[in-house]
1. How high is the FRET efficiency between residue 132 and residue 167 when r is their beta carbon distance and R₀ equals 41 Å, given to the nearest 0.05?
2. So, taking all protein chains as they sit and a 1.4 Å probe, how much accessible area belongs to residue 70, in Å² rounded to tens?
3. How do the peptides 155-164, 184-193 rank, highest first, by the average count of neighbouring beta carbon atoms within 10 Å per residue?
4. What are the ³J(HN,Hα) values, in whole Hz, obtained from phi via the Karplus relation 6.51 cos²θ - 1.76 cosθ + 1.60 with θ = phi - 60°, for each residue of the stretch 133-150 in sequence order, with x given for Gly and Pro?
5. So how far apart, in nm, are the two label points at residue 81 and residue 184 if each is 7 Å from Cα heading toward Cβ?
6. Can you give the helix-only mean residue ellipticity at 222 nm for the chain, where every DSSP H stretch with n ≥ 4 adds -39500 (n - 2.57) and the sum goes over all residues, rounded to the nearest 500 deg cm²/dmol?
7. At 1.4 Å probe size, what's the solvent-accessible area of residue 46? Round to the nearest 10 Å².
8. To the nearest 10 square angstrom, how much accessible area does residue 181 have with a 1.4 angstrom probe?
Amino acid sequence: MSLFRSLYLREEKEKELQSFSERPWPSIFRDSLPTQPMSHYSLLVKIESQLPKSIDMKQLFTMPSFNENRRITSKAGWTYYGHWKGITFQTLFSLFANAQIYPWVRMESMTGLSYVINRQDLMNYRIVTECDGKPLSSLYGGPLWIHNFDYYIEYSIPHVKTITLMQHEAGPSHPMEKLGFDLSHARVEHGKYYDIHHEKIATL
């Protein structure tokens, strides 16, 4: 990549981040963030050993969307109630006539992280593009952030770039396991959390 193009992309990315207002909840993505500007983003969806379908943001926004008022909750002890928009995996996988015969799904992020989930379990997740009417910046998992609202935010899947339907996999895996976040403890537990939306301690 030429020096001029590198500087251009960095400047474009900085402008993009500045255009998003800061979110009410804390950012949890402390590792390296994607450097690719959203205007250059496209999602690759495929069945193993086949050519991928490339879907840019404009095309994603024309697909049937969900709108839900739900909470996101962190193991750090906070919760936030917001309005979320995006697409379901039922909608995404309808692009393929035989998606149901593939039991595993592997997802790769723009930063090279890999996630594997059982396809049936993935139906409980959402592909989030907006919160409270505004797109998500990379600092908050965007442009595409995958989350199960019944799980802690630490188990979400940020910056998704590629989604692949697989016939054979070794089983579910998540990078957070290496940090001690066992997948069996992903579900939000009963307890007291700081409710950012209402600025008070709440019991969930």
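The values are calculated or read from the model by the stated rules, or taken from the named source; none is laboratory data. What you are looking at is a predicted structure, and each value in this text was computed from that prediction instead of being measured. We place every Cβ from the backbone using ideal geometry, glycine too, and count neighbours over all the protein chains shown. Remember, those area values only see protein heavy atoms, side chains included, never the ligands or the DNA or RNA. Shrake-Rupley method; radii C 1.70, N 1.55, O 1.52, S 1.80 Å.
1. Numbers: r = 39 Å, r/R0 = 0.95.
Computed FRET efficiency for residue 132 and residue 167 comes out at 0.55.
2. Around 80 Å² of this residue is reachable by solvent.
3. 155-164, 184-193
4. Values per residue, Gly and Pro as x: x, 10, x, 8, 7, 5, 5, 10, x, x, x, 10, 10, 9, 8, 9, 5, 8 Hz.
5. Those two pseudo-labels are separated by 3.4 nm.
6. Numbers: 4 runs with 32 residues, N = 204.
Taking each H run of at least 4 residues, the total per residue is -4000 deg cm²/dmol.
7. Per-residue accessible area (residue 46): approximately 60 Å².
8. We get 50 Å² for residue 181.
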